[in-house]
Structure formats: structure tokens, C-alpha cells
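The values are calculated or read from the model by the stated rules, or taken from the named source; none is laboratory data. Not measured: the values here are computed from a predicted model. In this analysis, Cβ positions are derived from the backbone assuming ideal geometry, glycine residues included, and neighbour counts consider all displayed protein chains. Surface accessibility is based on the protein's heavy atoms, side chains included, excluding ligands, DNA and RNA. Shrake-Rupley method; radii C 1.70, N 1.55, O 1.52, S 1.80 Å.
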Amino acid sequence: MPRRSVTDDVRVRRRLGSLTTLFLTLLLVVPASAWADSWTGPDPAGDATVYSFDPQPEPCGTVTRTPSTEGDVRRLRVRHTPDLVVVSVDVTGLVNRYRTSTMFDVVTPDREWTVDVSHYQGRTEVDYFRTPRIRQDQVGECGSYAYAVRPRTCRGAVGTIDVRGGRITVSVPRRCLGTPRWVRAGASVYCGRGHGSSDGWRPAGADDGDVTTAVVGRRVYAGARR
């Protein structure tokens with residue numbers, strides 16, 4: 001059996017030392033965003049809908065749903081970094097940025113936010129507001145409710161509507177949302193004017209009974225859980 005020489009031992013130690021140095025270097029150069037937690041959830045195909053309303057019969061009238069190929073949500077993506085909350089939806093059938101608007105629901109440990117992304121006067125704008133909590137006794141007999149809010153803007157919030165790539169994204173600084181430990185997100189997309197097409201992220205098996213509660217995905221923490 002061959003014997004390892006002192007020279008071989010030195011080479012082994014040097015090799016281990018080089019690997020340790022490389023590992024420590026990688027730890028130092030990896031950006032903070034690499035520690036972000038992320039999550040993605042699919043949405044069924046072919047469930048975008050055009051709604052039309054007939055006031056008869058009273059009191060609730062008749063809502064007709066017609067399938068649409070425009071604005072079909074297919075996937076929701078969430079990334080939570082130490083500085084940002086980034087939510088996006090993959091959508092098929094986007095036609096025009098000017099006729100597309102998206103409402104992102106962002107739930108935190110103590111609040112619920114609504115973040116709107118729309119294209120107006122040549123710019124993609126982002127505004128948001130704290131979503132009021134609606135009690136069941138505030139819902140009308142026909143399943144409708146209303147509330148008034150004052151949207152605000154957040155410095156550093158950016159929205160994009162990529163028609164060709166089929167993706168709508170919003171990036172919001174965590175400070176604007178109260179710097180939450182985790183977020184849960186959902187989204188709905190509206191395309192067109194008048195009787196436009198709409199679709200919300202709604203995975204198979206989601207509860208359709210409670211109109212006051214946003215459909216959101218799992219908790220996404222700001223980096224590794226502690």
C-alpha cells in the first residue's frame with residue numbers, strides 16, 4: 001500500500017484552504033436579494049370571462065358570463081426580498097397596455113393592501129390603499145358591497161405591463177407595506193372597456209362563497225425563516 005508523503009499532505013491542506021476561501025468569498029459577494037423567499041402558483045387555463053348584466057328580474061337581475069381569450073391569468077409569482085415585495089402574473093391574450101389594469105391583493109400579518117397597476121397617459125402607474133375589512137352584514141342581498149378609499153403612491157414602486165411577454169409585474173418597497181415579516185398575494189386582471197374581459201388568480205378548489213375575502217397564496221417570508 002503506497003504511503004502518502006509529507007508533500008501530499010501539504011497539497012491536501014492547500015486544496016482545502018482554497019475551497020474554504022472560495023466558499024467565504026461566495027458568501028460575501030452573494031447579494032442580499034439572493035436570500036429572498038419566493039413562491040409561484042398556477043391558475044387554470046380558459047377561465048377569463050366577459051360579464052354582462054341585465055337588471056331583470058328584480059331585485060338582483062341576471063349576470064351572464066361568456067368565456068374570453070383575452071386576459072387569461074395563468075400563473076402568480078411572488079418574491080419577497082429584504083427591501084421589496086415583487087408580485088407578477090403571467091397572462092395570455094394581452095392586447096394593449098392601455099386597456100389593461102391589474103389589482104394585486106397583498107395580505108400582511110396585520111393589514112391587507114390593494115395595489116393597482118394601470119397604463120395612463122403614456123405611463124404605467126402604481127397606486128395602493130389599505131383594503132377595508134368588510135363584514136358579512138355589509139354585503140347586500142345580491143352579493144354586492146361598496147367602500148370609498150383614497151389611493152396613494154409610494155416612492156420606488158414600479159409597475160410593468162409586458163404585452164408581448166404576457167406578464168404584469170409590480171415591485172413595492174417593503175416600507176410602504178409596513179415592512180412585514182411575510183406576505184400573501186393574489187391578483188385579478190381586467191382587459192378592455194365597457195364589457196371587458198376579466199380573470200382572477202384562483203387555483204383549483206378555491207372557495208367562491210366569501211366575496212369579502214381575497215384569494216391569496218401561501219405566506220412568503222422576507223428571506224430565510226427565523
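What to note about this one:
- If you filter segment 38-77 down to residues that are of a type in the set (Ser, Thr, Tyr) and not in a strand (DSSP E or B), you find that the one that is least open to solvent (accessible area, probe 1.4 Å) is 68.
- Residues within segment 84-143 that are more than 26 Å from residue 49 (Cβ to Cβ), open to solvent by less than 60 Å² (accessible area, probe 1.4 Å) and not in a strand (DSSP E or B), tallied: 2
Residue-by-condition table, conditions (1) over 17 Å from residue 70 (Cβ atoms); (2) modelled with pLDDT under 95; (3) not basic (Lys, Arg):
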{"residue": "104", "(1), (2), (3)": "yes, no, yes"}
{"residue": "108", "(1), (2), (3)": "yes, no, yes"}
{"residue": "113", "(1), (2), (3)": "yes, no, yes"}
{"residue": "139", "(1), (2), (3)": "yes, yes, yes"}
{"residue": "167", "(1), (2), (3)": "no, no, no"}
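- None of 175, 150, 184 is out of contact with any Pro (no Cβ under 7 Å at 6 or more places or on another chain), part of a loop (DSSP other than H, G, I, E, B) and open to solvent by 10 Å² or more (accessible area, probe 1.4 Å) except 150.
- Of all residues making up segment 184-215, the number that are among the hydrophobic types (A, V, I, L, M, F, W, C) and modelled with pLDDT of 95 or more: 4
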